[in-house]
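Notes for the one structure printed next.
The values are calculated or read from the model by the stated rules, or taken from the named source; none is laboratory data. The structure displayed is predicted, hence computed values, not measured ones. Neighbour counts are summed over all protein chains in view; Cβ atoms, including those assigned to glycine, are modelled from backbone coordinates with ideal geometry.
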Amino acid sequence: MDTDTLYRSPAGYSAMMAWYERALARLPLACETQVLRTRFGATHALAAGPAGAPPVVLLHGLNANALMWSGQLAALAGAYRVYALDIVGTAGRSAPRRLPYDSRTYAQWLGQALDALAVPAASFVGFGLGAWLILRLAGVAPERLQRAALLSPAGLLPVRWKYLIPILWDVLYLNDDQAQRLARQLLAPPGAPLDAEAVEMLFLNLKHCQPHFEAPGLTPAQIGQLRVPTLVLAGEHEDTWSPRELLAAARVALPDLRAAEIVPGAGHGLTASHSAWVSDRLLRFLQTEH
C-alpha cells in the first residue's frame with residue numbers, strides 16, 4: 001500500500017495502525033471486520049449487530065476513522081445492523097487515496113461500498129466530513145438514504161477564520177506538545193470529559209498525517225437534496241463553525257429537518273466527550289417512525 005500521499009513517514013503509518021489494533025481490541029462488543037472492493041481502493045468496515053436488523057451506516061470525521069464510533073457501535077448494535085466505514089484517504093485501514101472534494105467522487109465511492117455490503121438503503125450518521133458525504137450522496141443516489149443524522153456537519157457553513165488561523169500556525173510548526181494540546185483543544189472545551197483513545201487518535205493523526213482541510217461548503221440547492229428525516233447536532237462550544245449559525249442554516253436548507261439541537265457542554269468532538277448523550281439521542285431519532 002502506497003501511504004506516502006497520506007502519511008509523513010512509514011513510521012507514522014505504523015504508529016497509527018498499531019493504535020488501531022489496540023483500540024479495536026478494546027471495543028466493548030464483538031465486531032466483524034470486512035474489506036470492501038471499490039474502484040477507489042479497498043474500504044475497511046466494522047460491522048456489529050444482528051444480520052437481519054435495519055442497517056445504519058456510520059461515517060467518521062476528517063481526522064478520524066471508524067473507531068471514533070466505539071460508543072455508538074455498542075449502543076446501536078442491539079437494535080440495528082451497524083456498519084462503521086473507514087473513509088478512503090483518512091487514517092484508518094482503507095486505501096490512503098484522498099479523493100477530490102470538487103466532484104461526485106466521494107459519493108460514488110460510498111455507493112460502491114454500500115453495494116459491496118449488499119445494503120441498498122440505510123439510515124446514516126455522519127460527523128463533520130462524514131455528514132458532508134451524506135449530503136453528497138443525497139445528490140447522487142437519494143434512494144439509498146432512509147434517515148440522516150448530521151453531527152457537527154461540514155458543508156453547511158464555511159470554517160470560521162478565528163478557528164482556522166491558530167490551527168494553521170500549529171500545523172506549520174507542529175511538535176509533540178503542540179499536537180497533544182491541539183488534539184484536546186479540537187475535541188472539547190477545557191474541563192470537559194474526554195475519551196483518552198479519541199485524544200490519542202487525533203494526536204497521532206496530527207503528528208503523522210499530511211495536513212488536510214475540512215470539506216468545502218455546499219450550495220443551498222445541494223444541501224436541499226437531502227429530503228429524508230434529518231437530525232442535526234452541534235456542540236455548545238463548537239469552534240469550527242458557530243453552532244447557532246450552523247443550526248440556523250440547517251433549519252433553512254434541509255427540507256425534512258426533524259430537530260436541530262445543541263449538545264450542552266460539548267465542543268466539536270461530540271462522540272469523544274458526550275458519547276452516552278449522543279448515543280441516546282441517535283437511538284431516539286432512529287426509532288421514531290414518522
| Just to be sure, is Ala131 among the aliphatic types (A, V, I, L, M), in a helix (DSSP H, G or I), touching a residue at least 40 places away in the same chain (Cβ under 8 Å) and closer than 19 Å to Gln287 by Cα? | no
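Let's see how each residue does on (1) touching a Lys or Arg at 6+ places or on another chain (Cβ under 6 Å); (2) surrounded by fewer than 21 Cβ atoms within 10 Å (Cβ to Cβ); (3) within 25 Å of Leu133 (Cα to Cα):
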site	(1), (2), (3)
Ser14	no, yes, no
Ala18	no, yes, no
Leu29	no, yes, no
Glu32	no, yes, yes
Gly61	no, no, yes
| Residues in region 112-128 that are in contact with an Asp or Glu (Cβ under 9 Å, 6 or more places away or on another chain) and part of a helix (DSSP H, G or I): how many? | 0
| task | Specify which of the listed residues (Arg258, Arg284) is of a type in the set (D, E, K, R) and out of contact with any Leu (no Cβ under 7 Å at 6 or more places or on another chain). | result | Arg284
| said: Restricting to region 74-96, give me the number of residues that are under 20 Å from Ala148 (Cα atoms) and more than 13 Å from the chain's Cα centre (by Cα). | reply: 9
| message | Given the options Arg284, Arg244, Arg227, name the one that is among the basic types (Lys, Arg) and closer than 19 Å to Ile134 by Cα. | response | Arg227
| Residues of region 227-240 being closer than 23 Å to Leu145 by Cβ and either touching a strand residue (DSSP E or B) at 6+ places or on another chain (Cβ under 6 Å) or hydrophobic (A, V, I, L, M, F, W, C) (or both), which ones? | Val228, Pro229, Thr230, Leu231, Val232, Leu233, Ala234
| query | Can you find even one residue in region 64-71 that is in contact with a helix residue (DSSP H, G or I) (Cβ under 6 Å, 6 or more places away or on another chain), more than 24 Å from Gln112 (Cβ to Cβ) and either surrounded by fewer than 23 Cβ atoms within 10 Å (Cβ to Cβ) or modelled with pLDDT of 95 or more (or both)? | reply | yes
| said: With the requirement that a residue be surrounded by 24 or more Cβ atoms within 10 Å (Cβ to Cβ) and either in a loop (DSSP other than H, G, I, E, B) or not hydrophobic (A, V, I, L, M, F, W, C) (or both), what does region 274-287 give you? | reply: His274
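Let's see how each residue does on (1) surrounded by 18 or more Cβ atoms within 10 Å (Cβ to Cβ); (2) touching a residue at least 12 places away in the same chain (Cβ under 8 Å); (3) not aliphatic (A, V, I, L, M):
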position	(1), (2), (3)
Ala196	no, no, no
Lys207	yes, yes, yes
Gln222	no, yes, yes
Ala234	yes, yes, no
His237	yes, yes, yes
Leu254	yes, yes, no
Gly267	yes, yes, yes
| query | When you scan region 80-111, how many residues do you find that are touching a strand residue (DSSP E or B) at 6+ places or on another chain (Cβ under 9 Å) and either farther than 23 Å from Ser152 by Cβ or in a helix (DSSP H, G or I) (or both)? | reply | 6
